[in-house]
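Trainee: Structure below; questions to follow.
The values are calculated or read from the model by the stated rules, or taken from the named source; none is laboratory data. All values reported here derive from a predicted model rather than from experimental measurement. Here the Cβ is made from the backbone with ideal geometry for all residues, glycine too, and neighbour counts use every protein chain on show.
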Amino acid sequence: MIKLDVDDMNRFIGRYSLGRDSNPLNPTGSPHFLRIKIPGGFIDSSQLRSVADLTKTYSRGQAEITNRQDIQLHWIDATDALEIFSVMDELGFTTDMCGQGFSGARYGDARNIVCCPVSGLEKDELLNGTSLLKELSDFFIGNPDFQDMPRKFKFSITGCGYDCTRAITNDLSFVAVKKNDDVGFTLLIGGSMGASLPGPRLATPTGVFVQTEDAFNVAVATIEIHRDYGSRESKAKARFKWLLHNWGLKKFLSTLEEKVGKHLELYNGPVFLRDGGHERIQPQSQEGYYYVNVPCIGGYISCDEMISLADLADKYGNGDLRLTPSQNLIIPNVEQKDLLLKDLKKIGISIQGSKLRWNSMGCASEFCGKTTTPHAKEISKEIVYHLERHIDNELLNAAGFRIYVSGCHNNCCANLIAEIGLAGNLTRENGVMKQYYSILLGGGFGKKPSMGRRIEENIPTDKLKLMIESLLSNYFEKRKTSESLKEFCNKSTIKELKLYLNSKGG
Amino acid sequence: MKNSDIQRIGKGRYSLDVRGQVCPYPELLTLRALQNLSPEDTLEIILDNPPSVKDIPIAIEKRGYKKPEVMRVDKGTWKIIVQNPK
């Protein structure tokens, strides 16, 4: 036996890994991606500069903000990994464990915990969820008890009254609510947009009220239920939603109560109080301070932009920054917002434009999946700019919609719950694979969540923006006063919607 | 790491078990193991992480080794056989 010296690796195992990039149809030359977990998207200027350095050195100067508030780098070579992990360790960041590469129902971990990006800042916030975020994130880092679950597990926490974390797509979401004079959490469980069994599911409201001091134990008990009772028969049956589908809510809640040793109070009030997000510039609960939400359509962010934004966070704020679950970046605690806007303009960033700039997302299809060019992020950008050029921005804002684009059927970008969702598919034509998209309409989340209906299939990518413009043109012409695009789509038949997509109003 | 030892399984033939390890560790362990072996020694790597089944042969060939043999042992396990050059 020869003993290998692996001390340099041992310190990272269980906390750091790389994912594999593979898109044989669109070779980018990227062997691996590095998904840096940023719990709740909380990052400070010096950490962001260090991530920018990593991006410059290893990732061709380009990074992505993901829809779970991570920062993802590509073109990572395995032989550079230990050096990169060492930098990350000093920064206090870890990575996803990327156990989905294994063929069986194994090696699932707790993913980056998503939290309201303006926790502690939002006016009318019910509850600041950051202490729960920190407690849970710290608990799971390198914790061997939660690194071999049947599959991954996703948490979200929000206390602002909006569904800014897309709570309905998570395995377990803590949503702050008020019950009489108490503020605590209600729970949504079993959400998942993926195709695994029993198919895409919106998280189910549990109708329970959890006191803040019990939230940590409830979270751990729930993930233990997933770990200990989740199916290991196959990957397709290994997500928590499958267990919930088989058990039902009643059995889950009684098991949860047994594990936490407490009877959970009932809650029958509203889950979310408001629709919308945290776009543009908003006054904070701290008098005289603002947060400025910088749009990064599709989540693209360059190394130079990261450095500039870190500098501006130091100059105008207190050095803190927040990544949002809509792939944007917030500079909080700003007093001189007009000066900040001028400086943002100097580096080519505008806070003008429609809300679609903050509300549109695209997945990283160029690096994974079965897709080809043009890719999801560029498509979402192209559509937003096209609509802004052809439709009054105020009208676009009033319609209240989002555009989410996923390059394949895996719904990574939650296209099922966008008012306008696009899901890619490939078709072979004359021996060449071509990228097409389905159009889904009428999804949404917040006060009234719903999944979109598939209206059109196999649409060439160059037609998407024109068809969406056509739909909107019909909507503006035919809608009832104050009817949102989602309401309009959901009252229309599929036949009508097909017509609207294919005939510009009139 | 529990699977970090190279087992001798015959004359000039060794085995490295990296099951349960995610990227990049199977690739890094393989490269390190090869450095610890003598010229012309053969290393069998047992692994269950499909991305590494693709990565390890690429990494090895990039370093001038002969194309390794990749065998599927069962539904979720592979064996990669590589020989150190002279």
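Trainee: Can you tell me which residue is modelled with the lowest pLDDT among those in region A:5-15 that are at the interface with another protein chain (Cβ under 9 Å from one of its Cβ atoms) and part of a loop (DSSP other than H, G, I, E, B)?
Mentor: A:Asp5
This table checks each residue for (1) at pLDDT 95 or above; (2) in the same structural domain as A:Met306 (by TED's automatic domain parsing); (3) not in a strand (DSSP E or B).
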| residue | (1), (2), (3) |
| --- | --- |
| A:Asn23 | no, yes, yes |
| A:Thr28 | no, yes, yes |
| A:Ile43 | yes, yes, no |
| A:Ser46 | yes, yes, yes |
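Trainee: Within region A:51-84, restricting attention to residues that are surrounded by fewer than 18 Cβ atoms within 10 Å (Cβ to Cβ) and among the hydroxyl-bearing types (Ser, Thr, Tyr), which residue is nearest to the other protein chains (Cβ to nearest Cβ)?
Mentor: Looking only at region A:51-84, we keep the residues that are surrounded by fewer than 18 Cβ atoms within 10 Å (Cβ to Cβ), and these are A:53, A:56-57, A:60-62, A:77, A:79-80, A:82-83.
Still in the list and also among the hydroxyl-bearing types (Ser, Thr, Tyr): A:57, A:79.
Values: A:Thr57: 16, A:Thr79: 7 Å.
Going through the qualifying residues, I end up with A:Thr79.
Trainee: Take the conditions facing chain A (nearest Cβ under 10 Å), over 12 Å from the mean Cα position of the chain (by Cα), more than 22 Å from A:Asp77 (Cα to Cα) and surrounded by fewer than 23 Cβ atoms within 10 Å (Cβ to Cβ) and apply them to B:Arg72. Does it pass?
Mentor: Numbers: facing chain A (nearest Cβ under 10 Å): no; over 12 Å from the mean Cα position of the chain (by Cα): yes; more than 22 Å from A:Asp77 (Cα to Cα): yes; surrounded by fewer than 23 Cβ atoms within 10 Å (Cβ to Cβ): yes.
No: the conditions fail for B:Arg72.
Trainee: Quick test of your reading of the structure: A:Thr94 fulfils all but one of (1) of a type in the set (S, T, N, Q); (2) within 14 Å of another protein chain (Cβ to nearest Cβ); (3) more than 19 Å from the chain's Cα centre (by Cα). Name the failing condition by number.
Mentor: (3)
Trainee: Assuming B:Gly64 fulfils every condition listed in (1) within 13 Å of chain A (Cβ to nearest Cβ); (2) surrounded by fewer than 16 Cβ atoms within 10 Å (Cβ to Cβ); (3) in a loop (DSSP other than H, G, I, E, B) apart from one, which condition is it?
Mentor: (1) is the only condition that B:Gly64 fails.
Trainee: A further question on this structure: Out of the residues in region B:14-54 that are among the charged types (D, E, K, R) and crowded, with 24+ Cβ neighbours inside 10 Å, which is farthest from the other protein chains (Cβ to nearest Cβ)?
Mentor: Applying the filter and picking the extreme gives B:Asp48.
Trainee: Say we look at region A:91-103 and pick out the residues that are touching an Asp or Glu at 6+ places or on another chain (Cβ under 8 Å) and part of a loop (DSSP other than H, G, I, E, B); which of these is modelled with the lowest pLDDT? Don't jump to the end; show me each part of the working.
Mentor: The initial filter retains those residues of region A:91-103 that are touching an Asp or Glu at 6+ places or on another chain (Cβ under 8 Å), namely A:96-97, A:99, A:102-103.
Subset that is part of a loop (DSSP other than H, G, I, E, B): A:96-97, A:102-103.
Details: A:Asp96: 93, A:Met97: 89, A:Phe102: 83, A:Ser103: 80.
Looking at residues that are touching an Asp or Glu at 6+ places or on another chain (Cβ under 8 Å) and part of a loop (DSSP other than H, G, I, E, B), I get A:Ser103.
Trainee: Might you check whether a residue that is buried (at least 21 other Cβ atoms within 10 Å of the Cβ), within 16 Å of the chain's Cα centre (by Cα) and not β-branched (Val, Ile, Thr) occurs anywhere in region A:381-401?
Mentor: No: zero hits.
Trainee: For the list (1) under 21 Å from A:Ile301 (Cα atoms); (2) touching a Ser or Thr at 6+ places or on another chain (Cβ under 9 Å); (3) within 14 Å of another protein chain (Cβ to nearest Cβ), I need the number of the one condition that A:Val87 fails.
Mentor: In the conditions (1) under 21 Å from A:Ile301 (Cα atoms); (2) touching a Ser or Thr at 6+ places or on another chain (Cβ under 9 Å); (3) within 14 Å of another protein chain (Cβ to nearest Cβ), A:Val87 misses (3) alone.
Trainee: Residue check, A:Leu340 against (1) among the hydrophobic types (A, V, I, L, M, F, W, C); (2) closer than 22 Å to A:Ile36 by Cβ; (3) in the same structural domain as A:Gly288 (by TED's automatic domain parsing), all met but one. Which one?
Mentor: Of everything listed in (1) among the hydrophobic types (A, V, I, L, M, F, W, C); (2) closer than 22 Å to A:Ile36 by Cβ; (3) in the same structural domain as A:Gly288 (by TED's automatic domain parsing), A:Leu340 misses just condition (2).
Trainee: Applying the selection to region A:450-478, what residues are surrounded by fewer than 17 Cβ atoms within 10 Å (Cβ to Cβ) and either touching a His at 6+ places or on another chain (Cβ under 9 Å) or basic (Lys, Arg) (or both)?
Mentor: A:Arg454, A:Lys463, A:Leu466, A:Lys478, listed by residue number.
Trainee: For the list (1) under 19 Å from A:Thr158 (Cα atoms); (2) within 22 Å of the chain's Cα centre (by Cα), I need the number of the one condition that A:Ser285 fails.
Mentor: Tallying (1) under 19 Å from A:Thr158 (Cα atoms); (2) within 22 Å of the chain's Cα centre (by Cα), A:Ser285 fails exactly one: (2).
Trainee: Given (1) within 20 Å of B:Thr77 (Cβ to Cβ); (2) at pLDDT 95 or above, where does B:Leu34 come up short, assuming only one miss?
Mentor: Checking B:Leu34 against (1) within 20 Å of B:Thr77 (Cβ to Cβ); (2) at pLDDT 95 or above, the one that fails is (1).
Trainee: Just wondering, is there one or more residues in region A:428-438 that are hydroxyl-bearing (Ser, Thr, Tyr), within 23 Å of A:Gly277 (Cβ to Cβ), at pLDDT 95 or above and surrounded by fewer than 24 Cβ atoms within 10 Å (Cβ to Cβ)? Break it down into steps so the answer makes sense when it comes.
Mentor: Here is the first cut: in region A:428-438, the ones hydroxyl-bearing (Ser, Thr, Tyr) are A:436-438.
Add one more test, that the residue is within 23 Å of A:Gly277 (Cβ to Cβ), and what stays is none.
The answer is no, given that none of the residues of region A:428-438 is hydroxyl-bearing (Ser, Thr, Tyr), within 23 Å of A:Gly277 (Cβ to Cβ), at pLDDT 95 or above and surrounded by fewer than 24 Cβ atoms within 10 Å (Cβ to Cβ).
Trainee: Would you check if there is a residue in region A:106-121 being surrounded by fewer than 20 Cβ atoms within 10 Å (Cβ to Cβ), modelled with pLDDT under 95 and either within 14 Å of chain B (Cβ to nearest Cβ) or in contact with a Ser or Thr (Cβ under 7 Å, 6 or more places away or on another chain) (or both)?
Mentor: So far as region A:106-121 goes, yes, one or more of its residues are surrounded by fewer than 20 Cβ atoms within 10 Å (Cβ to Cβ), modelled with pLDDT under 95 and either within 14 Å of chain B (Cβ to nearest Cβ) or in contact with a Ser or Thr (Cβ under 7 Å, 6 or more places away or on another chain) (or both).
Per-residue answers, yes or no, for (1) among the acidic types (Asp, Glu); (2) in the same structural domain as A:Asp148 (by TED's automatic domain parsing); (3) touching a Leu at 6+ places or on another chain (Cβ under 6 Å); (4) farther than 27 Å from A:Gly104 by Cα:
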position	(1), (2), (3), (4)
A:Cys164	no, yes, no, yes
A:Phe174	no, yes, no, yes
A:Val183	no, yes, yes, yes
A:Met193	no, yes, yes, no
A:Ser196	no, yes, no, no
A:Phe209	no, yes, no, yes
A:Val218	no, yes, no, yes
